[in-house]
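Here the structure comes first, spelled out in structure tokens, and everything after it is commentary.
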Amino acid sequence: MNFSNTLPSCSPEDLGDAYSFSDRPFRVYVHIPFCKKRCGYCNFNTFTSFSLAPGFDKNTYPSLLEREIKRVKKWQEEHSVSLKPASSVFFGGGTPTCLSPSQLSRILEAIREAWGIEEGAEISTEANPDSVEGKELFDLKKAGFTRVSFGVQSWEPRILRILDRTHSPAAAWRSIRKARKAGLSCSADLIYAAPSEKRKEWIRTVRLTSSLGLDHVSCYALSIYPRTKMGHQLEKGLIAEESDLAQARDYELADSILSRRGYKWYEVSNWAREGKECLHNIGYWKNDDWIGLGPGAHSHFSNLRFWDFSRPGPWAKAVQKGDLPWEGEVLTQKEREEEDIFLGLRLKTGLDLGKLEKESGKEAPSDLLSSFRGLAYLKEGTLLPTLQGRLLNDFLARSLMDYFLE
Amino acid sequence: MAKSEPETFFPQELIRNFSIIAHIDHGKSTLADRILSLTGALSDRQMREQYLDSMDIERERGITIKSQAVTVNWVKDKKTYALSMIDTPGHVDFNYEVSRALAACEGCVLLVDATQGIEAQTLSNLYLAMQNDLTIIPVLNKIDLPGAKTEEVKSTLCDLLGVEGGEVLEVSAKTGFGVKELLDAIVEKIPAPSGNPQGPTRALIFDSQYDAYRGIITYIRVVDGSIEAKDRIIQMKSASSLVPLELGIVDPFMRPVEILTTGQVGYVITGIKDVRQAQVGDTITCERNEAKESLKGYKAPESMVYAGLFPLETDQFPLLRQSLDKLRLNDASISYTPETSSALGFGFRCGFLGLLHMQIVIERLEREFGVDLISTAPNVHYRVEMADGSEITVTNPTQFPENKVKAVWEPVIEASIITPKDYVGDVMKLCQEHRGKMLGMEYLGPDRVCLRYKMPTGEIIFGFFDQLKSRTKGYATLDYASAGEEKADLVRVDILIHGELSDALSAICHKDKAYEYGLKMTKKLKKLIPRQQFEIPIQAAIGQRIIARETISPLRKDVLAKCYGGDITRKRKLLEKQREGKKKMKIIGNVAIPQEAFISALSLEDLDDKDIREKLKARAKK
């Protein structure tokens, strides 16, 4: 999906000129826009054809990314945008494992060559549970990958059919076992509140997930977007969206099962064993710098947010020409403060209210805090969301913005 | 027909002033058009359909709201006459304007659609003409249509007026058939104006209009003496003295003249822009020939319906005030006083002649003046007698006292309903449902019945007309007039949102209808108010007693699960949009309510809900 045309955008050169220095860690995201089949709910920037534009297919993609990497580095150097080794690398999609381990490691090597990768850095890839073989997982490990995140979504065949997923529960189970054997840290993504999903089906899914020796679990509520397969079904009345009440109930169930099995929440949608949090993911919420590579990938450097063209044609053309395939925006001080609020509130570490009060010169009034009762509490100047506050995170964010940023 | 420069000076005996009165849709505007083209006042090229209805709304709704005065020339027996045609509105809401127009005439054309026959307003207009002692020329229109019942309608008309069949003219305004004969009859039958040309100058202001470029245009009828363009004129009531910028007649273009003589109808432009200085009903005289005694003016119109009008954007309040001031210039029947609502902010409590009048005023304010409005539910006015003997007039439900009330008086009307006899049973049932008391029933010919009822005004002005039409397949017609007041068992129903009173939603109801109002309003609001982080009770109450309740369950989850691929920008825009939306909401009882919720809740649209029907049925059994 391309939102860029609705946003005020400026040219890559303007972006570079407006850059202000940042000492945050640097991370790399690589978007792999291929899938064998599009899932019913998917509105991501991905394509089921392996040939996307002239000179842009599965085989040429690593070399296009190599070109983009070099061009980005040149831009950094030209504008004195801070340059440091990557603290984490994340391959997402689409389905990154549509590319062979050797192609993935070639991209990884290009990143290492351009920026360097910190010793012991987290290097993750997403994987479809039926798209990886045992040998491939060993090859990924050998290439330097440390972590693999499987799109399990559900263990119930009925729900997988509704979600229009291709894999079987058994295939997912085998993939996870092989990945663990290969020495990779494993994560599973689950989807809750699928149309007609019963409570016991969701409980079964979370229970099984939590007993597979995974390090990390993500749970996302199903969002149905217009112009997707499920969006059309919704329009025709073939399926119905679950209420916020049902979503909240599923979330609470997941939280209680996962925490009993040793997974602690660290971000609204993420749970992990102690020390196994996804650092790359946390980086998004902590306002780290990162470069996104590939069509539609988002990047952030200090006060700049920009994104690669999402349509493969224009993207490939720009990269082939040696241009930066970007559109973007320069954040105002107020926008950065807004982001600090809603990003901070999503994390277990909470929002530094003291800092906000100091910057705005305002103190949080008692009626504001009392309207947060049951949703968030103050501890040593930090506002920490409760379980209910995680669910009503947007309300908390809007209330704080209304008060502090007017 | 080539048009020569028309004569503007006429001796009194060559002047005829008349109105066309008719039930709505009986073809009055078409007849006026035909007269304009036949007399050469407008060439074919200039001819527009319904020329006299200049307001967009009139044209769209096919009804005439404002009276206008056009003078045309007509030659009979080699003499050129000046015929001034004063247009009148056809809807019952505007009876007041009809009587104003009639006061400036000596005669009228009573126009009846030959396919429809006599309708409720035909009668009321006829009675108004009789009260004003006007010469009445009965005319059947649309006689060329296949459905015309010319003879039948003619005989009813003869019975009504006590005239012979030969005196009823037959025309087709559409084709022009019979219109020449009608113009001849106007000259022959309607007397010339009777004023004294030598007497002190007196002219009656019977209408005024605000023009953005020229200021106030005042329409006058010279009753005695004359006014010259160079005269210093005096408006007797406001005692203001001015030299007119322009004196003229409408033919139908504004044509300046040097003098307006006894009996003539024309206009004056004085350049004043202050609404209050051009009061309809005031008398104009001139310094040269000053009158001591003013003419009998008009009775101020009575407001029947009241509603609060509030601008959607609070900064439009001054614009609303200016717009109402200007509108009042050519619609003296609007009244307004400022009011404040906790839900809707600053606005005006406005009085209207009826529901259609209210809708037209709102449309005009929005269309002509660009004010976006929200209106509260309309109500009538009540007189409340308190236990201590004092009295209050209530035009806004919030003024209705909660206790120590001795008696409440509500306005009543006498309604005439004319219907084919097959529907008499349905009409009687409908009137009973609306607390009507039957006064009488007469047959108007073999198939048509006139039913007369006394009913509370509040029962008839809201939706009664639509129900009447739907139960009689559109055949019944309705007319009504105020008939004083009666004691009634009324209560105020309040709506509480999260425990806080929302003043804009209070209503005064008959005791038997209070429960229904409470049920419907709470149900409507439950659907309209977005869920919040806490549970919201919505209650309907009479005083301290809760009569209906709905609960909006709390919102449990609003967080977006994922910011895909680090797309933080999208998330920020979404939150910004939500905050913008919330800024426009009204806060009542700590609940943010979008303005649209009030608009829908206050719309007159009825809520048909199975649950409500069952609850009401259960209640009726008890």
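The values are calculated or read from the model by the stated rules, or taken from the named source; none is laboratory data. Just so it is clear, the model here is predicted, and its values are computed rather than measured. Using ideal geometry, Cβ is built from the backbone for each residue, glycine included, and neighbour counts are taken over all protein chains shown.
Things worth noting here:
The rows are residues; the columns are (1) under 17 Å from the mean Cα position of the chain (by Cα); (2) assigned to a strand (DSSP E or B); (3) among the hydrophobic types (A, V, I, L, M, F, W, C).
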| site | (1), (2), (3) |
| --- | --- |
| B:322 | no, no, no |
| B:327 | yes, no, yes |
| B:333 | yes, no, no |
| B:337 | no, yes, no |
| B:340 | no, yes, no |
| B:362 | yes, no, yes |
| B:366 | yes, no, no |
| B:384 | no, yes, yes |
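- Filter result (within 22 Å of residue A:208 (Cα to Cα) and outside any loop (DSSP other than H, G, I, E, B)) within segment A:259-308: A:259, A:260, A:264, A:265, A:266, A:267, A:270, A:271, A:272
- Of everything in segment A:269-296 that is in contact with a helix residue (DSSP H, G or I) (Cβ under 6 Å, 6 or more places away or on another chain) and at pLDDT below 95, the residue that is nearest to the other protein chains (Cβ to nearest Cβ) is A:284.
- Scope segment B:391-424; condition surrounded by 13 or more Cβ atoms within 10 Å (Cβ to Cβ), assigned to a strand (DSSP E or B) and hydroxyl-bearing (Ser, Thr, Tyr); matching residues: B:416, B:419
- Matching residues in segment A:320-355 - criterion: being more than 14 Å from chain B (Cβ to nearest Cβ), in a helix (DSSP H, G or I) and closer than 29 Å to residue A:386 by Cβ: A:353, A:354, A:355
- Within segment B:149-161, one or more residues are part of a helix (DSSP H, G or I) and closer than 30 Å to residue B:12 by Cα.
- Residue ID - nearest to residue A:399 (Cα to Cα), chosen from residues in segment B:497-540 that are in a loop (DSSP other than H, G, I, E, B) and more than 14 Å from every other protein chain (Cβ to nearest Cβ): B:529
- Checking B:110, B:102, B:83 one by one, the residue that is assigned by TED's automatic domain parsing to the domain that holds residue B:34, under 18 Å from residue B:23 (Cα atoms) and modelled with pLDDT of 90 or more is B:110 and no other.
- Restricting segment A:110-154 to residues that are of a type in the set (Asp, Glu) and assigned to a strand (DSSP E or B), the residue that is nearest to residue A:189 (Cα to Cα) is A:126.
- Some residue of segment A:284-297 being more than 19 Å from the chain's Cα centre (by Cα) and either at positive phi or not aromatic (Phe, Trp, Tyr) (or both): no
- Among (1) surrounded by fewer than 19 Cβ atoms within 10 Å (Cβ to Cβ); (2) away from chain A (no Cβ under 14 Å); (3) among the β-branched types (Val, Ile, Thr) - the single one residue B:551 does not satisfy: (2)
- Comparison of A:102, A:88 shows that the only residue that is modelled with pLDDT of 95 or more, of a type in the set (S, T, N, Q) and either buried (at least 23 other Cβ atoms within 10 Å of the Cβ) or not assigned by TED's automatic domain parsing to the domain that holds residue A:162 (or both) is A:88.
- Within segment A:356-406, helices (runs of 4 or more DSSP H) holding 1 or more residues that are within 14 Å of another protein chain (Cβ to nearest Cβ), modelled with pLDDT of 90 or more and crowded, with 16+ Cβ neighbours inside 10 Å: A:387-391, A:393-404
- If the condition is being touching a His at 6+ places or on another chain (Cβ under 8 Å) and either in a strand (DSSP E or B) or among the basic types (Lys, Arg) (or both), then segment B:585-602 contributes B:588, B:591.
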